[in-house]
1. With +1 on each Lys and Arg Cβ and -1 on each Asp and Glu Cβ, how big is the dipole of the chain about its Cα centre, in debye rounded to the nearest 20?
2. Short version: what are the Cα gyration tensor semi-axes of the chain, square root of 5 times each eigenvalue, largest first, in whole Å?
3. Picking from Thr6, Pro22, Thr36, whose Cα lies most toward the positive end of the charge dipole for the chain (charges on Cβ: Lys, Arg +1; Asp, Glu -1)?
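Coordinate-derived values only; no laboratory data. Being a predicted model, the structure only gives us computed values, none of them experimental. Please note: Cβ atoms are built from the backbone with ideal geometry, for glycine as well, and neighbour counts cover all protein chains shown.
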Amino acid sequence: MERVRTVIAYKDYFKDFLLEQPQKVQDKISKTYRRTKRAL
């Protein structure tokens, strides 16, 4: 079963959230983003 997630970013809130995360979490988020962007 493929999981699909939608992120709605408002202003710079996502950027602020991302920068507050540990580097390992940031890497996982960007890896997931690249994978889903390629699938579109």
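1. 280 debye
2. On the way: eigenvalues 74, 37, 14 Å².
Ellipsoid half-lengths, sorted descending, are 19, 14, 8 Å.
3. Thr36
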